[in-house]
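To start, the structure itself, in structure tokens.
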Amino acid sequence: MKLSIRIFLCAAVLVFPFSVAVTNIFLGVALAFGILSGFWWQGAKLCWRNYKPLTIVFCGYMGIVLLGLLWSLDPERGLHVLGRHWFWLLVPITVVIFQQEKWRKYFLLSLSSGLALNLVYCVLQMYGFVEVTTDGSSAEDATGHIGHIGFGFVYGLWAAWLLHLGMLWGGNQRLFVWGLAAWSYVMIFSAQGRSGYLIAVALMLCLFIKWVTDSKSWRIALPLAAVLVLILLVAALGPAKERLQGTWLAFTQTQDQRGLDQLDSSDNAILATQSRFQMWQTSIDIWQLYPLLGVGTGGLPHAVAALKEQGLSSSEFIFAHPHNQYLLNLIRWGPSGLLLLLALLVVWMREGIKVDWQYSIIAPFFTLSGFGLALHGLSSSSMEEHFSAILAALLLAIAMSEDSDKPEQSGGDNDY
């Protein structure tokens, strides 16, 4: 049974960039097998034993998602929101079935193979050889089936880890993984997701600072510093320039007024940013009406519709989330929801900060995945978004599995 679950999870991350439906089927089967076989409970005990603070805060967060149904303005919608958190149940299973190092490597090889193949697919899309119907993905915004919202998170996280591998390895292996990382950064900055630019650069900076801190030497991180400078030059001079300018103009309110038929990349960035501002303002207005408990799990669209009927909403449309995880938590569950999210992310990242990354291939996944979610949450519903949340959950579990394999193994590793 354990072997079957491993195969399904490896298959899931292999097709992860290409098909949401197939990925969910593989993950769902793995979850069902894990629960029926008892591996879920075994993994939960390992999480409690080795990562008690993280487990407590995580259970608290999932608890408020469930309890929020009790005071939801729209319980039916709340059940839908609850269902978007199902993949977090995979964490205990993944922790226990990937205790062996060789299987962790197979998992990461499967994930990396899928992501590398998707880069090829995105290049084909860029030159018009394939067409994609995913929102936020086109020949001008080649992000495959991921879309530009999650693309920067997925490839920013993967590229930072590849840079880490290059620091551990040498020779041709270093050149290969750093070549993949460079390719990832080029594709990120060719896409329209400005949040992705922030995540990519910030995760690289995080890796740079951690390597300098652990090694107590600036010289060891000089190659990373050179790559960082190159990325900043790409951002300043490459295709991302106009989009960043548009975002800045929206912040400073200095954009000129032109017709919709004259919009360029900078103007589109202005409109997108202003739309976010409207959603954020409406969200704050709703929270002020429900300051203690919020509108409950799934209650936001109902609250937005009620505000629009009264002519009090600054947003032009009804939205299910304000493209900000922190505001979303505040609106749904009040201050307690926001505090639980912050606590979860802090404890999550701390698990990786206190480990020396120079001696582990997977230790960076703790901090990089948590930090990535924290940044992504500024512009998306990162904790329940398919690509960002699933990838973060699985990589968190892979990192946790490294320290969970010795004390409770009494009967060997039974693959069947």
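The values are calculated or read from the model by the stated rules, or taken from the named source; none is laboratory data. Owing to the predicted nature of the structure, the values given are computational and were not obtained by experimental measurement. No Cβ is skipped: glycine too gets one built from the backbone with ideal geometry, and neighbour counts run over all protein chains shown.
Name the residues in region 153-169 that are out of contact with any Ser or Thr (no Cβ under 6 Å at 6 or more places or on another chain) and more than 10 Å from residue 365 (Cα to Cα), would you?
154, 156, 162, 163, 164, 165, 166, 167, 168, 169
Could you list all residues from region 16-34 that are surrounded by fewer than 19 Cβ atoms within 10 Å (Cβ to Cβ), in contact (Cβ under 8 Å) with a residue 12 or more places away in the chain, of a type in the set (Val, Ile, Thr) and under 17 Å from residue 145 (Cα atoms)?
Scanning region 16-34 gives a single hit, 20.
Every residue, every condition in (1) among the aliphatic types (A, V, I, L, M); (2) in contact with a His (Cβ under 9 Å, 6 or more places away or on another chain), yes or no:
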{"residue": "139", "(1), (2)": "yes, no"}
{"residue": "145", "(1), (2)": "no, no"}
{"residue": "159", "(1), (2)": "yes, no"}
{"residue": "175", "(1), (2)": "yes, no"}
{"residue": "180", "(1), (2)": "yes, no"}
{"residue": "183", "(1), (2)": "no, no"}
{"residue": "199", "(1), (2)": "yes, yes"}
{"residue": "211", "(1), (2)": "no, yes"}
{"residue": "216", "(1), (2)": "no, no"}
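In region 16-23, is there at least one residue being in contact with a helix residue (DSSP H, G or I) (Cβ under 6 Å, 6 or more places away or on another chain) and either more than 21 Å from residue 373 (Cα to Cα) or of a type in the set (D, E, K, R) (or both)?
Filtering region 16-23 down to residues in contact with a helix residue (DSSP H, G or I) (Cβ under 6 Å, 6 or more places away or on another chain) leaves 16-17, 20, 22-23.
Subset that is either more than 21 Å from residue 373 (Cα to Cα) or of a type in the set (D, E, K, R) (or both): 22.
Looking for residues that are in contact with a helix residue (DSSP H, G or I) (Cβ under 6 Å, 6 or more places away or on another chain) and either more than 21 Å from residue 373 (Cα to Cα) or of a type in the set (D, E, K, R) (or both), one finds at least one in region 16-23, hence yes.
When you scan region 216-226, do you find a residue that is farther than 18 Å from residue 387 by Cβ, surrounded by fewer than 18 Cβ atoms within 10 Å (Cβ to Cβ), of a type in the set (A, V, I, L, M) and out of contact with any Phe, Trp or Tyr (no Cβ under 7 Å at 6 or more places or on another chain), even just one?
Yes: region 216-226 contains one or more residues that are farther than 18 Å from residue 387 by Cβ, surrounded by fewer than 18 Cβ atoms within 10 Å (Cβ to Cβ), of a type in the set (A, V, I, L, M) and out of contact with any Phe, Trp or Tyr (no Cβ under 7 Å at 6 or more places or on another chain).
Kindly indicate which of 100, 42 is at pLDDT below 95 and surrounded by fewer than 19 Cβ atoms within 10 Å (Cβ to Cβ).
Step by step, each of 100, 42 is checked, and only 100 is at pLDDT below 95 and surrounded by fewer than 19 Cβ atoms within 10 Å (Cβ to Cβ).
Among the helices (runs of 4 or more DSSP H) contained in region 288-388, which hold 2 or more residues that are buried (at least 21 other Cβ atoms within 10 Å of the Cβ) and touching a Lys or Arg at 6+ places or on another chain (Cβ under 8 Å)?
Once the helices (runs of 4 or more DSSP H) in region 288-388 are filtered for at least 2 residues that are buried (at least 21 other Cβ atoms within 10 Å of the Cβ) and touching a Lys or Arg at 6+ places or on another chain (Cβ under 8 Å), what remains is 364-376.
Criterion first (under 23 Å from the mean Cα position of the chain (by Cα) and within 22 Å of residue 386 (Cα to Cα)) does residue 179 satisfy it?
When the stated conditions are applied, residue 179 does not pass them.
List the pairs whose first member sits in region 211-236 and is of a type in the set (Val, Ile, Thr) and at pLDDT 70 or above, whose second member is surrounded by fewer than 13 Cβ atoms within 10 Å (Cβ to Cβ) and not in a helix (DSSP H, G or I), and whose Cβ atoms are under 6 Å apart, counting only residues at least 6 apart or on separate chains?
212/218
Taking residue 254 as the residue in question, decide whether it is over 26 Å from residue 68 (Cα atoms) and either modelled with pLDDT of 95 or more or surrounded by 16 or more Cβ atoms within 10 Å (Cβ to Cβ) (or both).
Against the criterion (over 26 Å from residue 68 (Cα atoms) and either modelled with pLDDT of 95 or more or surrounded by 16 or more Cβ atoms within 10 Å (Cβ to Cβ) (or both)), residue 254 does not qualify.
Can you find, within region 103-128, the residue that is surrounded by the fewest Cβ atoms within 10 Å (Cβ to Cβ) among those that are among the aromatic types (Phe, Trp, Tyr) and within 26 Å of residue 39 (Cβ to Cβ)?
106
If you check residue 195 against the conditions, is it in contact with a helix residue (DSSP H, G or I) (Cβ under 7 Å, 6 or more places away or on another chain), more than 17 Å from residue 229 (Cα to Cα) and of a type in the set (S, T, N, Q)?
Yes, satisfied.
Search region 166-195 for residues that are free of Cβ contacts under 8 Å to residues at least 12 places away in the same chain and pair each with any residue that is not β-branched (Val, Ile, Thr) when their beta-carbon atoms are under 7 Å apart and the residues are at least 6 apart or on different chains.
Qualifying pairs under 7 Å: 174/166.
Looking for whichever is without any contact (Cβ under 8 Å) to a residue 24 or more places away in the chain and in contact with a Leu (Cβ under 6 Å, 6 or more places away or on another chain) here; the options are 338, 368, 330, 342. Which one fits?
Values: 368 fails: without any contact (Cβ under 8 Å) to a residue 24 or more places away in the chain; 330 fails: without any contact (Cβ under 8 Å) to a residue 24 or more places away in the chain; 342 fails: in contact with a Leu (Cβ under 6 Å, 6 or more places away or on another chain).
Being without any contact (Cβ under 8 Å) to a residue 24 or more places away in the chain and in contact with a Leu (Cβ under 6 Å, 6 or more places away or on another chain) holds for just one of 338, 368, 330, 342, which is 338.
For region 35-154, give me every one of the helices (runs of 4 or more DSSP H) that falls completely inside it and has 2 or more residues that are without any contact (Cβ under 8 Å) to a residue 40 or more places away in the chain, more than 30 Å from residue 337 (Cα to Cα) and not hydrophobic (A, V, I, L, M, F, W, C).
Fully inside region 35-154 and qualifying: 101-126.
How many of the residues making up region 182-197 are among the aliphatic types (A, V, I, L, M), under 16 Å from residue 116 (Cβ atoms) and crowded, with 21+ Cβ neighbours inside 10 Å?
Final tally of qualifying residues: 2.
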